[in-house]
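Trainee: Sharing a structure, written as structure tokens. Questions coming.
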Amino acid sequence: MARGKFITFEGGEGAGKSTQAQLLAERLKARDIQVVLTREPGGSAFAEQVRELILGSNTADHGPLAEALLFSAARADHLERTIRPALEAGQWVICDRFADSTRVYQGVAGGLPKAIIEALERIVVDDTVPDLTIVLDLPATDGLARARGRGNNNSRANAGGPSDNYEDRPLSFHERLRDGFLMIATAEPERCVVVDALQSQEEVAAQVWNTVEIRLLQQQQQSD
């Protein structure tokens, strides 16, 4: 059985990752493709417990290294219990955030040395690299306005970051996040595609689907 495809969605606050991941999953299912829709932090029983720890209101302040280690522990279990088994069974996995969020939130914006981020990724992710990463890009001011407008108290839950509220952080922090994701996309164009998230939800979904068709579905048909 052919290995399934692994798709991740990345981007800053208010970019619409969860919505677009859901829309893509529905469209793939309509094509009779088995899909596992998951998220980080979370996606397995242990990882969800780590998520609760990180996001708990009583969780003490902690630095970017402790934070990265927590997310790495959650990711290791997520990969072992959910992602890898699904891919090996020929299912497609769509994940709302993955290792790029650690690179950006704890690394670029959090100040954790790149060597530490890379070492953790080698240990945890190994060769389970996404086949396609959709980076939903929009100016930090627009993303924050969206997040605040919808009263998204769980935005930090999707951020792969610490337990404080990201919406309260300085604009400069969010601008570093955006720069970080764009740097990754520029460095890895074979994996990453940047989509303008300022477009309507329908326009973004159409561009995401077009990308998946060209990069994955047509490629799969050719290999078959």
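The values are calculated or read from the model by the stated rules, or taken from the named source; none is laboratory data. The structure presented is a predicted model; accordingly, all values stated were derived computationally and were not measured. Cβ: placed from backbone, ideal geometry, glycine included. Neighbour counts: every protein chain shown.
Trainee: Does Asn165 fit the bill of being within 26 Å of Glu80 (Cβ to Cβ), at pLDDT below 95, among the polar types (S, T, N, Q) and out of contact with any Ser or Thr (no Cβ under 7 Å at 6 or more places or on another chain)?
Mentor: Here the answer is no, as Asn165 does not meet what is asked.
Trainee: For the range 35-147, which strands (runs of 3 or more DSSP E) that fit wholly inside it have 2 or more residues that are in contact (Cβ under 8 Å) with a residue 40 or more places away in the chain and in contact with a Gly (Cβ under 8 Å, 6 or more places away or on another chain)?
Mentor: Strands (runs of 3 or more DSSP E) meeting the threshold: 92-96, 132-137.
Trainee: Look through the range 55-90, keep the residues that are of a type in the set (Asp, Glu) and closer than 20 Å to Ala109 by Cα, and return whichever of them is nearest to the chain's Cα centre (by Cα).
Mentor: Glu67
Trainee: Let me ask something else. Looking at the range 20-72, which of the residues that are among the acidic types (Asp, Glu) and surrounded by fewer than 21 Cβ atoms within 10 Å (Cβ to Cβ) is nearest to Val93 (Cα to Cα)?
Mentor: Selected residue: Glu26.
Trainee: So in the range 1-13, with the set limited to residues that are crowded, with 24+ Cβ neighbours inside 10 Å and not in a strand (DSSP E or B), which one is modelled with the highest pLDDT?
Mentor: That would be Gly12.
Trainee: Can you spot a residue in the range 73-84 that is of a type in the set (Ser, Thr, Tyr), within 17 Å of Thr8 (Cα to Cα) and surrounded by 14 or more Cβ atoms within 10 Å (Cβ to Cβ)?
Mentor: yes
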